[in-house]
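**Q** Got a structure for you, written out below as structure tokens; questions coming shortly.
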Amino acid sequence: MQTYLITGANRGIGLEMTRQALELGLRVIATCRDPSSAAELAALEGLLDIQALDVTDQSSVDALAATLTGVALDVLINNAGVMATHQSIDDMDYEEWMTSFAINAIAPWRVSVAFEQHLKSSSRPRVATLTSQMASLKRAGSDRVAYRSSKAAANMAMRTLALEWQAKGITVCSLHPGWVQTDMGGSNAALGVVESASGLLEVIDGLSLKDTGRFLDYEGERLPW
Ligand SMILES: NC(=O)c1ccc[n+]([C@@H]2O[C@H](COP(=O)([O-])OP(=O)(O)OC[C@H]3O[C@@H](n4cnc5c(N)ncnc54)[C@H](OP(=O)(O)O)[C@@H]3O)[C@@H](O)[C@H]2O)c1
């Protein structure tokens, strides 16, 4: 029985990955900031354990790691993310830019490191962090600088973590889910959440140490940094 821990599991891609993982018979520790208002998550059936986690709050992260002491984690999915609302050159909210870094760039490292012992208890531990092709230097654009820069920083943090953890046998990858119809992606997005989540889960299922440090999309294609 494999155990997955997913952050930001109350809506969007995180909720759908949780739903599909449960359908596959996996045990899912689904985390979100406020479980009491996560009705859609609570309605899911299967080997589901819902836990509170604010990925930017060290005491929240430490508390969950302590609660889960002794639990072997096969997969950690750093899914929680944010898209700033004021991030253009003419209309910049610098606090939001800082928050984008806290959630998108620093939290995946913070959460991964807190769960190192749990991951090391698995025979095939994997960390998958959702970033974005908008972070790729090859696809640089003039919009959404808070999002692009924070996700690019997440990519670099995950590459560094991959090198740090290679000798420990923990695989670390960045994944792009596609442009997906969620609150963040909007209704005009190219991809449904079901297709994105199933692709991501298939890619994650197949990850091994030979993939560590890679940047892949939801179909398993390698992306340029
Ligand atoms: N949708 C796309 O087109 C797209 C494209 C590329 C990459 N991505 C990435 O894919 C991931 C999921 O995106 P999505 O489209 O599902 O986004 P979404 O619908 O906006 O959901 C974002 C999730 O992140 C959670 N979250 C935000 N800050 C958090 C924090 N401090 N602690 C814990 N959870 C937090 C939210 O929880 P609350 O409900 O509490 O706010 C929510 O569950 C993100 O990392 C995003 O950047 C998405």
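**Q** Could you list, in sequence order, the residues of region 174-208 that are near the ligand (Cβ under 8 Å from one of its atoms) and assigned to a strand (DSSP E or B)?
**A** Scanning region 174-208 gives H176, V180, L191.
**Q** Among helices (runs of 4 or more DSSP H) lying entirely in region 5-100, which contain 2 or more residues that are of a type in the set (V, I, T) and open to solvent by less than 60 Å² (accessible area, probe 1.4 Å)?
**A** It comes to 12-23.
**Q** Going through S112, S149 one at a time, which residue ends up being away from the ligand (no atom under 12 Å from the Cβ), within 16 Å of L73 (Cβ to Cβ), in a helix (DSSP H, G or I) and open to solvent by less than 50 Å² (accessible area, probe 1.4 Å)?
**A** S112
**Q** Something else now. Go over the candidates A52, A66, A72, A42 one by one and state the one that is within 14 Å of the ligand (Cβ to nearest atom) and farther than 29 Å from W179 by Cβ.
**A** A52
**Q** To continue, here is another question. Quick check on L161: is it open to solvent by less than 40 Å² (accessible area, probe 1.4 Å), within 20 Å of I13 (Cβ to Cβ) and of a type in the set (A, V, I, L, M, F, W, C)?
**A** no
**Q** Hey, any hits in region 1-17 for a residue that's at pLDDT 95 or above, of a type in the set (K, R) and either away from the ligand (no atom under 15 Å from the Cβ) or touching a Gly at 6+ places or on another chain (Cβ under 6 Å) (or both)?
**A** The answer is no, given that none of the residues of region 1-17 is at pLDDT 95 or above, of a type in the set (K, R) and either away from the ligand (no atom under 15 Å from the Cβ) or touching a Gly at 6+ places or on another chain (Cβ under 6 Å) (or both).
**Q** Right, next: If G141 satisfies every condition in (1) within 16 Å of the ligand (Cβ to nearest atom); (2) of a type in the set (G, A, S); (3) at pLDDT 95 or above but one, which is the exception?
**A** (3) is the only condition that G141 fails.
**Q** Quick one: M134 ticks every box in (1) closer than 24 Å to D211 by Cβ; (2) touching a residue at least 40 places away in the same chain (Cβ under 8 Å); (3) not charged (D, E, K, R) bar one, so which box is it?
**A** Answer for M134: the failing condition is (2).
**Q** Among the residues that make up region 200-209, is at least one of them farther than 19 Å from T7 by Cα, touching a Ser or Thr at 6+ places or on another chain (Cβ under 9 Å), open to solvent by 10 Å² or more (accessible area, probe 1.4 Å) and at pLDDT 95 or above?
**A** yes
**Q** Looking at the structure I just gave you, is I106 closer than 29 Å to P224 by Cα and more than 16 Å from the ligand (Cβ to nearest atom)?
**A** no
**Q** Condition (residue is farther than 17 Å from E221 by Cα, touching a Phe, Trp or Tyr at 6+ places or on another chain (Cβ under 7 Å) and surrounded by 21 or more Cβ atoms within 10 Å (Cβ to Cβ)) applied to region 125-145: is it met by at least one residue?
**A** Checking region 125-145: not a single residue is farther than 17 Å from E221 by Cα, touching a Phe, Trp or Tyr at 6+ places or on another chain (Cβ under 7 Å) and surrounded by 21 or more Cβ atoms within 10 Å (Cβ to Cβ).
The values are calculated or read from the model by the stated rules, or taken from the named source; none is laboratory data. Not measured: the values here are computed from a predicted model. Backbone-built Cβ (ideal geometry, glycine too); neighbour counts: all protein chains shown. Ligands, DNA and RNA are excluded from the accessible area calculation, which covers all protein heavy atoms including side chains. Shrake-Rupley method; radii C 1.70, N 1.55, O 1.52, S 1.80 Å.
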